[in-house]
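Inspection log for the structure reproduced underneath, given as structure tokens.
The numbers here are math on the coordinates, done by the rules we state, and not lab data. Computed from a prediction, not measured in an experiment: that's the story for all the values here. FYI the Cβ positions are ideal-geometry reconstructions off the backbone, even for glycines, and counts take in every protein chain you see.
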Amino acid sequence: MERHGVPETFLGRDYELSLFLDWLTNVQSDAPWILSIHDAEPDPARRGGIGKSWLLQACVALAQQRFPHLAVVQVDFFRVADRDRLVVARRVVERLQAAYPHWQARTFAQTLETFAAQGYLSSLYPEKDVADIRIRDSLSEALARDVEELLPLLPPGVPQLLLVFDTFELVERNPQVAVLGLGQLFPERYGLPHVKVLLAGRNPLDWQHPTWRGREREVLDLELPPFSAAEVRLYLLRELAGLLDAETKAAGMTGLGGSGENPAQTAESQTRSVERLYELTAGRPILVGLACDLLARGLITLPELVAFPSGRFEEQLVVRINDLERPLNWLILVLAHVYHRLSAPLLSWLLTQVRLAEDSERVSVDEWLAALRRLSFVRIAGEGDELALHDEMRRLVVHYCWERQDPDRRFRRELSRAVIAYYEQHAGQALPEQEWQASSVELLYHRLTLDREEGLKWFERLFSPAFLSWRSGFARTLLETVREFEPLLTPPQRWQLRVWEARLLRIEEQPAQARALLERLLQEADPAWQEEQRGELLYEQARCALQQYRFREAIQAYEQCLAVAQRRGNEERASTLQGQLGYIYRRLGQWDEALHYYFASLTYHQQRGSLAWYANLLNSIGHVYRLQGRIHEALRYCLLGLRVREELW
């Protein structure tokens, strides 16, 4: 195929690049506008590390060569800060302004500046959760007005915006984290007629997920296999050309190679070794790249490498990272443990807190970071100089290297203490929301490393406020961070983790999955623990049933939950449940039952509960009276509710 514009360093994938270009060029109204690239591997545990990110970069280069004025927005959900709708929207605006210099999103910029000046975009804003919906509504409306002015400037018949989303598996349960407009589904078009979206993730799209249900025609699905034997051969010959040529030349100078072979035999042996290496790596670029890194540094020879047993090849390859020169070998382990990113300031701080180098070794942070960048499995974590391991390589390094070097986790705890101290230095600063989320996730990881019990308490303090649906992406990131420690948790901690996950699934509008998870939990968990958590378990079951419109089941679970709260003397909890029961009976048209529960809840909040809840209940009672045709009583309660709200504001 035509590869003009594709970097010379990118080999193979001709079919995928050709398909991408055909898809990008086709802007007919009935053409798929989303291209979903995912691993072809059927076993989820073996997915990852097959070169999706490399392919995306080649696709971007090809698109920019074919359409020089195309606005291209790249988002990598590996980076916590990119899992934010405002970050994505800002990036879209920036790229559109660069592509169409005569257009400026002035209304959007002014609205954004207003919110920033009022402190709404700060992580320290006291009513942040309440403000988020107002921010989304105002910004999406402002951007829509700006885009109306852009439409006459857009060229017809060509793609106008290419959105590229990498590491999609990290947000696949709740992709709405990247959507600004209320009521819009992922991915967002931002009001443009010819938008193309390129997705890359480990897993195929779930057509039963609320985001994708019924949208099969909008998506072109592309299964990405590992490299072919020919592609691996090309890569190895390019990366190791000097090494292979040297072996052949040595055989020619002596008449025999080091193994007693002549040049022709040496070349034939190399070919067999390359073919064997393809078999051992299964064509996974992450392993092929690591093998080349080790071979190029002379840490192992090709014959030694291909002599590794098939069943232990991955293990024996990855542990050779420990043989890299100091301190590069330790830096890779540090990079795996600091979790999401390693910056020059953080590395400089770690050097003052943890012994990463011998006294005789010259320390140059810039040189060390530059050495890391030259490794095939190190990636740029953000738009600046922050580095991270490829997510699959991080898993391999933790499993095969850290567990051997630090079996009691002593050194990792020391690193975690240093990272926590680094972030706590900046704890009082007002950070942008996305930066606050990123640092919070990293702090959670390191607190869990030091003390699982205290780390879980920290998690719950962050997780509970994030329940609101427009921040559920942050909640999902927090939960996945805790799940990394699941093998180290006690049984009660693991059971509680299941409850949190069920709650999050419900918030993510997946009540069937949440319900199934709760049912499995009831079969697995200890009866004594279940009795202790009975109220919480019943509440989650009730909410799932309500979300699925199974009102009778919801009532049954709510009533049992109410009985538990009353038996334990929890009046506030009981009043909340009574209000929710009133709502369900109102939905069923059973007015007397609805009023019974509403008034029961009203009594508590009128005396010592929440005035906001009190106002809501007055309005709800008025609504029931209106439905009964009792207009005067309805008006009286609604006016009472209005008066309470006026006092609140």
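Rounded to whole numbers, the Karplus 3J(HN,Hα) couplings from phi for segment 42-49 are x, 8, x, 5, 9, 7, x, x Hz, using 6.51 cos²θ - 1.76 cosθ + 1.60 with θ = phi - 60°, and x at Gly and Pro. Between the C-alpha center of segment 400-420 and that of segment 527-549 there is a gap of 38 Å.
Name the residue farthest towards the positive end of the dipole of the chain from the options Thr211, Ala282, Pro487, assuming +1 on Cβ of Lys and Arg, -1 on Cβ of Asp and Glu, about the Cα centre. Checking the options against the dipole of the chain, the answer is Thr211. The alpha carbon centroids of segment 42-119 and segment 279-314 are separated by 35 Å.
Filter the trypsin sites (Lys or Arg not before Pro) in segment 573-649 to those in DSSP coil with at most 12 other Cβ atoms within 10 Å of their Cβ, and list the result. Before the final figure, lay out each step's value.
Values: sites: Arg573, Arg586, Arg587, Arg608, Arg626, Arg630, Arg636, Arg643, Arg645; in loops: Arg608, Arg630.
When the trypsin sites (Lys or Arg not before Pro) of segment 573-649 are filtered for loop state and at most 12 Cβ neighbours within 10 Å, Arg608 remain.
Loop-located GluC sites (Glu not before Pro) in segment 274-382 (DSSP state not H, G, I, E or B) with no more than 12 neighbouring Cβ atoms inside 10 Å: Glu325, Glu358, Glu361.
The C-alpha atoms of the chain define a longest principal axis, and helix 631-648 lies at about 60 degrees to it.
Relative to the longest principal axis of the Cα atoms of the chain, the long axis of helix 229-239 makes an angle of roughly 70 degrees.
Here the calculated FRET efficiency for Arg461 and Arg520, from their Cβ-Cβ distance with R0 = 30 Å, stands at 0.65, rounded to the nearest 0.05.
Hey, can you rank 176-188, 342-354 by average C-beta count inside 10 Å, highest first?
The peptides rank, most packed first, as 176-188, 342-354.
May I ask for the Rg/Rh ratio of the chain, computed from Cα atoms with Rh as the Kirkwood radius, given to two decimals? Rg/Rh: 1.02.
Over all other residues within a Cβ to Cβ distance under 11 Å of Asp406, the charged ones net out to +2, with Lys and Arg as +1 and Asp and Glu as -1. In this structure, the amide hydrogen of Leu224, modeled 1.01 Å from its nitrogen in the peptide plane, lies closer than 5 angstrom to those of His38, Asp39, Ala40, counting only residues at least 5 positions away or on a different chain. Spin-label model, Arg134/Gln104: points 7 Å from Cα along the beta carbon direction are separated by 2.7 nm. Measure nothing fancy, just the Cα-based angle from helix 52-66's long axis to the longest principal axis of the chain, in degrees from 0 to 90, nearest 10. So the helix axis and the longest Cα principal axis differ by about 90 degrees. Other residues with beta-carbon under 13 Å from the beta-carbon of Ile555 carry, at +1 per Lys or Arg and -1 per Asp or Glu, a net charge of +2.
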